[in-house]
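Enquirer: Structure below; questions to follow.
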Amino acid sequence: MISHGITDLRHHKYPSGIWYECRWVKDIDFNHLFDAWVRLSNADIGMLHVFTDREKQDPQTEDDSWFETGSFGGPAKPGLPNMGWAMAYGANYAAEVDVVRIRSEGFPVDEIDGVTVVRVTDKLSDVVDDFEQFSRRRAELKALFRPSLFWIT
């Protein structure tokens, strides 16, 4: 689904968005697909994540719902609901990403046409195969960002 950017009556700008959802298949190289989308869109913010049954079964809060639907707050609710397995941070988020510090803690970081892509682990399948390890690493990575950036702690 593609949504086009709008400006509301209060002159708040809401960016365009691309939403893609499909069944998880381990053999598909979603990582390569995500990198291609980042390159094509020059994303301001982007996320690649596999939502496991465990995440869907946990008690749902409004912030969990924002995360699961891939929605970002925009002017009405600044910040990000949570960190997906891979996050693409464009120009408006560049100051949030301390690339040197994140790399020094062992997290994969790539630069794609001015967009910084940070991954929690080396493989997207880690979310499915070892959710506990993924969750632990995600918490460690989120601790390297300012505390109020992500709504879900």
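The values are calculated or read from the model by the stated rules, or taken from the named source; none is laboratory data. What you see is a predicted model; the values in this text were computed from it and never measured. Quick reminder, even Gly has a Cβ in these numbers, built from the backbone with ideal geometry, and neighbours come from all protein chains shown.
Enquirer: Any residue that is touching an Asp or Glu at 6+ places or on another chain (Cβ under 7 Å) and not in a loop (DSSP other than H, G, I, E, B) - is there at least one of those in region 101-112?
Expert: Yes, region 101-112 contains at least one residue that is touching an Asp or Glu at 6+ places or on another chain (Cβ under 7 Å) and not in a loop (DSSP other than H, G, I, E, B).
Enquirer: Considering only region 136-149, how many residues are surrounded by 13 or more Cβ atoms within 10 Å (Cβ to Cβ) and in contact with an Asp or Glu (Cβ under 9 Å, 6 or more places away or on another chain)?
Expert: Adding up the residues that qualify gives 6.
Enquirer: Residues that are under 21 Å from residue 42 (Cβ atoms) and either over 15 Å from the mean Cα position of the chain (by Cα) or exposed (fewer than 13 other Cβ atoms within 10 Å of the Cβ) (or both): does region 113-129 have at least one?
Expert: yes
Enquirer: Still on this structure, please answer the following. Give region 47-98 a look and list any residue that's in a helix (DSSP H, G or I) and modelled with pLDDT of 85 or more, or say none.
Expert: Matches in region 47-98: 91, 92, 93, 94, 95, 96.
Enquirer: What residue, of 18, 2, is more than 21 Å from residue 123 (Cβ to Cβ), of a type in the set (A, V, I, L, M), modelled with pLDDT under 60 and exposed (fewer than 14 other Cβ atoms within 10 Å of the Cβ)?
Expert: The unique qualifying residue is 2.
Enquirer: So, one more: Can you tell me which residues in region 132-153 are under 14 Å from residue 82 (Cβ atoms) and outside any loop (DSSP other than H, G, I, E, B)?
Expert: 134, 135, 137, 138, 139, 141, 142, 150 - these are the residues of region 132-153 that are under 14 Å from residue 82 (Cβ atoms) and outside any loop (DSSP other than H, G, I, E, B).
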